[in-house]
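Worksheet: the structure to be examined is printed underneath.
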Amino acid sequence: MIDTLDQIFVLLKHWIVSFLPGACQPAASVVISVAVIVVLFPLLFALTTVFERKGLARIQNRIGPNRTGPFGVLQPIADGIKSLTKEDIVPSSADSAVHFLAPLVLVVAVFMGFAVLPMGRNMALVDMDAGLLFFFAIGASTELSVFMAGWSSRNKYSLLGAMRAVAQMISYEVPLLMSSVAVVMITGSLSLNKIVAAQNQYTFGLPHWYIFTPWGLAAFLLYAIAATAETNRSPFDLPEGESELVAGYHTEYSGFKFALFFLGEYLAMFSISGLGTTLFLGGWSSPLEVLGWVPSWFWFFSKMMMSIFVFIWLRGTLPRLRQDQLMNFAWKFVLPLTMLNLFVTALWRFLGDGWERWVFCTAILVAAYVVMGRVEMRAEHFGPRRYRYAE
Amino acid sequence: MTFAFWLFAVLTLAGGLAAVLLKNTVHCALALTVAFAGLALLFLDLDAQFAGFAQILVYIGAVAILVVFAILLTRGSETPQEGVFSHNWFAGLAIAAAVFAVLAWAVLASAHVLPHEAAMPTVTVAQIGQALIGRYVLPLEIVALLLTAAMIGAVIVAMDEKERAK
């Protein structure tokens, strides 16, 4: 019974596929999995928009959407109808072909990232040997679509927003990759299924998640910072800072194309939260051994939605950074700490199983954090902003 | 020569041709990216996962962005009024044909040099990683050092200009 519930989606797929002739069964199996991903995550996106608006409203002491349906839960449907029926305006000076392609490229590239995420036991669409590499390769190609959107609009706000977005995404992609490399060093595999399997073990009923090790906690925090910047979320939402750039690279998009950008942004949040869950929070494994009877997909999605909640919470709490602060933070603080964390991970790997590695690794990381924080705060001259290259 | 191969080959060639023939420089850069993507798909079609993903990560994720930034940050990115063909296109054509001939000759000759390579070798990403860290660790480190030196050099060059301007 428990196993049936755990594997219910896999069994359901096998049951549907069994009605088809043998020759087209493998293809049908893939098509069904893809269709589920393509339907499920936009639905989750609709749910998240209302969740976010309600949550932000609560933080800002407002009520939030409450007109459509009970407690405003039908708001995403109204928004969807609105964006579908709105006029699709393309500026007359815009490069229409590139302007049309940009949102499509973004959404397609973001959807492909879900292919390798293990969303439950036996629930990864492709069990790829180089799954992590695939995820980052696909993630890197979204930058180009942001540029395409900003450049083709022929609008200075769009272009500035796109330039900011691309610069930010390139800067934070390095720590994002490097913090994940720590996990690869310990697991010895790029396959996301193997990374989850390595964390799905228990001592005294407690899981072996990587976040519960000194290097894992540091890598997770650095990953979370880089992921927030990579998805252009507040406090790193400079590319679409409303007070400066109208809406950044999608200023000149309206109607359904704008909705596609919105969708792409949230899907990127889902996929990067899913990857963080897989790498550091044990993927689909349960947080306590006694809770092993709860279906694995439940754990994956609840961990992912918890990360989304943290994203929303941060957005409601933190003010936006300035562009120079953003870049300094990436290159002078996050990147050196990620490099050091790689060294600490290697130390952890070769120090043996004793208590020494806990003390050494924690001490190095805490000392580096304190010293770097102190030194950089001292070097920071509080006063008017000074530019080195653009004066 | 499967259907997938022909599809990717046509995609790659179309991207390359468009990169040469289009007038707008940014369009050329985007067409070049299509050619990069086609090459990556060809690598994946040949079961070379590492080469394919590295192609996407490096060329589409970094080189294409670099090209686009270089176009936008330098002058002359406006579309030229007259054609994009230069006056000495004949010399360019001859050089391109010569390079193509040498490459084609090398590829065709390899079948005679290595006649027993009919079976496709299966190389996993893990094997490549082990080879890079084990047997080829010295070349890897030298390349890393070279790239670091080049990066520091680029930063120094950029800073020097500012000093002189003062």
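Classify the stretch A:252-391 as rounded, prolate or oblate from the Cα gyration tensor: take a ≥ b ≥ c as the square roots of its eigenvalues, call it rounded if a/c is under 1.5, otherwise prolate when a/b beats b/c and oblate if not.
Oblate is the answer for the stretch A:252-391, as a/c is 1.5 or above yet b/c matches or exceeds a/b.
Between A:Leu5 and A:Asp324, how high is the FRET efficiency from 1/(1 + (r/R0)^6) when r is the Cβ-Cβ distance and R₀ = 60 Å? Nearest 0.05. Approximately 0.70, to the nearest 0.05. GNM remark for chain A: springs join alpha carbons under 10 Å apart, and the peak mean-square fluctuation among A:Gln199, A:Gln323, A:Gln168 falls on A:Gln323.
Treating the Cα atoms of the protein assembly as shown as identical point scatterers in vacuum, please give the log10 of the normalised Debye intensity I(q)/I(0) at q = 0.07, 0.08, 0.12 Å⁻¹, two decimals. Each listed q corresponds, in turn, to -0.48, -0.63, -1.47.
Counting other Cβ atoms within 10 Å as a rough exposure proxy, the listed residues A:Cys361, B:Cys28, A:Cys24 run A:Cys24, B:Cys28, A:Cys361 from fewest neighbours to most. Distance between the C-alpha centres of the stretch B:1-57 and the stretch A:270-332: 34 Å, rounded to the whole angstrom.
Averaging the Cα positions of each part gives two centres, and for the stretch A:14-80 and the stretch A:114-172 these lie 21 Å apart.
Simple spin-label estimate for A:Leu291 and A:Val31 gives 3.9 nm between the two label positions (7 Å along the Cα-to-Cβ direction from each Cα). For chain A, the relative contact order works out to 20 percent when only alpha carbon pairs closer than 8 Å and six or more residues apart are counted.
Bridging of A:Lys156 to lysines at a Cα separation below 23 Å is possible for A:Lys257, B:Lys23, once same-chain residues fewer than 8 apart are set aside.
Laboratory data are not the source of any read-out in this text; all were calculated from the coordinates shown. All of these numbers come straight from a predicted model, not from anything done at the bench. We place every Cβ from the backbone using ideal geometry, glycine too, and count neighbours over all the protein chains shown.
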